[in-house]
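The structure under discussion appears below in the form of structure tokens.
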Amino acid sequence: MADVSFAGMPEDPRRNGLDRPGDEPAQDDAWSWTAPGLRRSRLRVRTLLAQRWAWVVGQTAALLISGLALKMQVPWAMCFTLVALSAWLNVLLGLASNGQRMARDGEATAQIAFDILQLSGLIYLTGGAYNPFALLLIAPATLAAATLPARYAMGLAALAVAASILLAVFHMPLPTIGGRPILPDSSPFNLWFVVSARIVGIILTTAYAWQAASESARMELALNVTETVLAREQRLSALGALAAAAAHELGTPLATISVVSREMARNATSEEVREDAELLIGQAARCREILQRLTEMPEAQDAVHERMSLVQLVQDVIEPHLVHGIRVEAVVNGPAGETAPDIWRRPEIIHAMTSIVENAVDFARSEVIVIARFDPRHIVIEARDDGPGFSPEVLAKLGEPYVTTRPGAEGSRTGHIGMGLGFFIAKTLLERTGATVDFRNGRRGGAVVSARWPRAALEAPGYTGA
């Protein structure tokens, strides 16, 4: 393996130049960064799974109460088969996917459609449209209307309407108690049964819609913060490019001023004129020094230098954290004989990975390692620490806004006070550049955060300019 490694200790800070970002990265289809075409916030996979588990628990409780307390005659085998089908689907989806990722529109639509069909099956077995719990078909359609694009929401609403119409025509008889239907007349028992069913339906439907709306509001607020962070990074990059352009443009007139000032000093007719000319020479030299420092700053590269090497990226990610009293090491490796590729400088990646390393520094015992790997197909950047790792409770929610266990400033190496947005912002920015982000605990302990890109999404083609 080709391997380039370097370590930073507190007494040995280093800094390399960063380059201006290249072409705008493709936007993540989860949401829009700009006002035109603004989309609704989508649901996380975990939210869909949690809501389906709530359905499973509620349906199981209703069946048990009907059978054990009210002694109703219900087709138990078929009803519990449908409930078990929902439970198994949740188990399979939970094992197959990361619950923190956003559900794609088609995926969310398929899951909500399954919920409508499963609930319709239960209602069919227990009286069809005559069952007061048929009201619950409103809940999945409400969720779709609150979170999905119009065409998907309309399709699911049409499915719920079609199910309601069919259940009015095709259904099995209402459950019976002692051979008698539970709703044969307007007795007080029947009246309160219907009222209770409707109250439960209203509560569940309201909770369903409230959870979706609440999550959308939280995501919108957190995404606004993320957008502000990205805008700041882009302004800094633009300011650097402006400084570089100014340095380039001012170089020629300063050189002219220096030449003319020297001629004035040589041909001065008096001591006063000579002193003024020498002052001009000194001030022009000072201006050249200032412009030279600007061109050496990371943000001050022009369009020719909009690229950076993968080594430069990881070095710049760890550089701000070399003064916190722990060892911060970076390693870059790839196929034997191949040099690390040049990539486009993107403020999103630098800001996100720096934030992730900052979190690792706060929780590490003695060491943080940033590993960048590349092969012909992918580029992976991984941050590892030797701290306690993620707790199961935090790992289940990591990547959501407002989730944090970071200590206050007095207990933090970096002095950062956690608000629960750092990982969310980092994850969102990285996914916007096409990365797949993974949070986990290492086999030997410690936390591991990795971002994986298709190589074509980051690599800058070879530069052939002068």
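The values are calculated or read from the model by the stated rules, or taken from the named source; none is laboratory data. Fair warning: this is a prediction, and the values are worked out from it, not measured in the lab. Heads up, the Cβs are rebuilt from the backbone with ideal geometry, glycines too, and the neighbour counts pull from every protein chain shown. Accessible surface areas use protein heavy atoms only, side chains included; no ligands, DNA or RNA. Shrake-Rupley method; radii C 1.70, N 1.55, O 1.52, S 1.80 Å.
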Report summary line: The extension gain from Asn441 to Leu85, computed as 0.36 nm times the residue separation minus the Cα-Cα distance, is 125.0 nm
Report summary line: With 0.36 nm assigned to each residue of separation and the Cα-Cα distance removed, Val259 to Ala50 gains 67.7 nm
Query raised in the report: Per the 1.4 Å probe, what fraction of the accessible area of segment 45-187, in percent, lies on carbon and sulfur atoms?
Result: 75
Query raised in the report: When ranked by the protection proxy of mean other Cβ atoms within 10 Å per residue, highest first, what sequence do the peptides 432-443, 351-362, 273-284 form?
Result: 351-362, 432-443, 273-284
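By accessible area of protein heavy atoms, probe 1.4 Å, what ranking do Ser97, Ser164 get, highest first? Mind dumping the intermediate values first?
On the way: Ser97 30, Ser164 55 Å².
Final ranking, largest accessible area leading: Ser164, Ser97.
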Report summary line: segment 298-389: spread of alpha-carbon positions along the three principal axes, whole Å, largest first, is 40, 33, 17
Query - C-alpha center-to-center spacing [segment 123-139, segment 77-99] in angstrom - result: 21
Report task. Would you mind computing, in nm to one decimal, how far apart the modelled labels at Glu272 and Ser366 are, each placed 7 Å from Cα along Cα→Cβ? Result -> 7.2
Query raised in the report: If you take the beta carbon distance between Leu117 and Ala396 as r and set R0 to 35 Å, what does 1/(1 + (r/R0)^6) give as a FRET efficiency, to the nearest 0.05?
Result: 0.75
